[in-house]
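Note sheet for the following structure.
The values are calculated or read from the model by the stated rules, or taken from the named source; none is laboratory data. Everything quoted here is computed from the prediction, not taken from an experiment. Every residue, glycine among them, receives a Cβ derived from its backbone with ideal geometry; neighbour counts consider all protein chains shown.
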C-alpha cells in the first residue's frame, strides 16, 4: 500500500534551495552586525578588554600615523607610476614616432624627386638632382638621428635603427651614382630602380618575414613604438592596485579619526581641533593626486590616439607640415593636463602629509600624557 508523500521531504533541488535561503539569511544577519561592531571599536565602546583612556590614546597615536603613512606611500606610488608614463610618452615616444614618420615620408619624397629628375622623359639625363632631393634626404637622416636620441628605443630597436641609417646612406650613394651616369639611360634607369628596391620591395613585408627594405624596417619600428605607447597610455596594474589599496586605507583612516574624535568628546570632554586639522591633508592628498592622475591619463590616451594617425601619412607634398601639426597638437594635449604642475603639487603635498601624519601621533601623545600607563581613570574598551 502506497503511503502519502512526506511534506518534510522534497526533491534535492528544493532541499538545496532551502539550505541556501537559511545560509543566506544567517550571513545577512551576521553582516548587519559588522558596522555597529566596527563603530563601537573605533569609538572605544566595545565591551571586552576594558582598557583605560591612556591605553586607548597610546594605541591610537600609533595606529593613526601608520594608516596615514601607508595611504600616503600607496598614493605616491600610484601617481609616480602614472606620471612616469606621461613623461615617457611626452619626451620619448612621441618624438620617436614623429621622427620615424618624418624619415619615412622624406625618403618617399626624395625618391619621387629622383625619379622626376632622372627618369622624366622631358629632361632625363639633362639636369642634376637639385636641392629639393638633397633636402629631403638630409631631413630623413636628421629625423633618424632624432629618433636615436629620443631614448624611446630598446637595445634591439637601436641596432635596427643603425641598420636603417646605413641603408639610407647606401640609398643616397646609389642615387648619386645614377646621377653621375645620367648621360647613360641604361645606367641611370638601373641605378634608380636599384635604389627604389632598397626603399621598398615588390612585395610588402608581412609578420611572417623579416623586413629587408628601408621603409619596411621603419614601419616595423613605428608599429613597435606605437604599441609601447599604447601600453603607456593604458592603466597599469601597479597604478590600479596601489590606488585601490590607498583608497581603502584612507577610508579606514578617516573612519578611525572620526571614532577617535568621538572618544575624545565622550571621555575627555574636548573637541580636538588639532587632530581634525592634521587629518585634513591626509584626506585631501589622495583626492588631489587622483584628480591629477585622471587628467594625465586622459591626456595620455588623447596623445596616443593623435600620434597613431601618423602611420597613415604618406609621401605627398606638405606632409612635413602635417606631421609637425600633429606633434604640436599632441604636445598641447599633454600640456593641457599640466603634468609638471601636478608633479610639483605632489612634491609639496607628500611631505606635508607626512608631517600631518606625525602631528596626529603627537597630538594623541599629548592627550595621553596626563594619564600614565599604571593609572586607570576608568576601564575602557580595547582600541
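I'd like the residue in the stretch 62-90 that is closer than 14 Å to residue 299 by Cα and in contact (Cβ under 8 Å) with a residue 24 or more places away in the chain and, out of all such residues, is surrounded by the fewest Cβ atoms within 10 Å (Cβ to Cβ).
The extreme case among them is 87.
Out of the stretch 295-315, which residues are more than 24 Å from residue 84 (Cα to Cα) and touching a residue at least 12 places away in the same chain (Cβ under 8 Å)?
In the first step, residues of the stretch 295-315 are kept if they are more than 24 Å from residue 84 (Cα to Cα); the result is 311-315.
The answer is 311, 313, 314, 315.
One residue is enough: does the stretch 258-276 have a residue meeting the conditions free of Cβ contacts under 8 Å to residues at least 24 places away in the same chain and on the phi > 0 side of the Ramachandran plot?
Looking for residues that are free of Cβ contacts under 8 Å to residues at least 24 places away in the same chain and on the phi > 0 side of the Ramachandran plot, one finds at least one in the stretch 258-276, hence yes.
Give 161, 153, 107 a once-over and let me know the one that is modelled with pLDDT of 90 or more, part of a loop (DSSP other than H, G, I, E, B) and within 30 Å of residue 88 (Cβ to Cβ).
Checking each option against the conditions leaves just 153.
Mind counting the residues in the stretch 265-289 that are under 25 Å from residue 341 (Cβ atoms) and surrounded by fewer than 14 Cβ atoms within 10 Å (Cβ to Cβ)?
2
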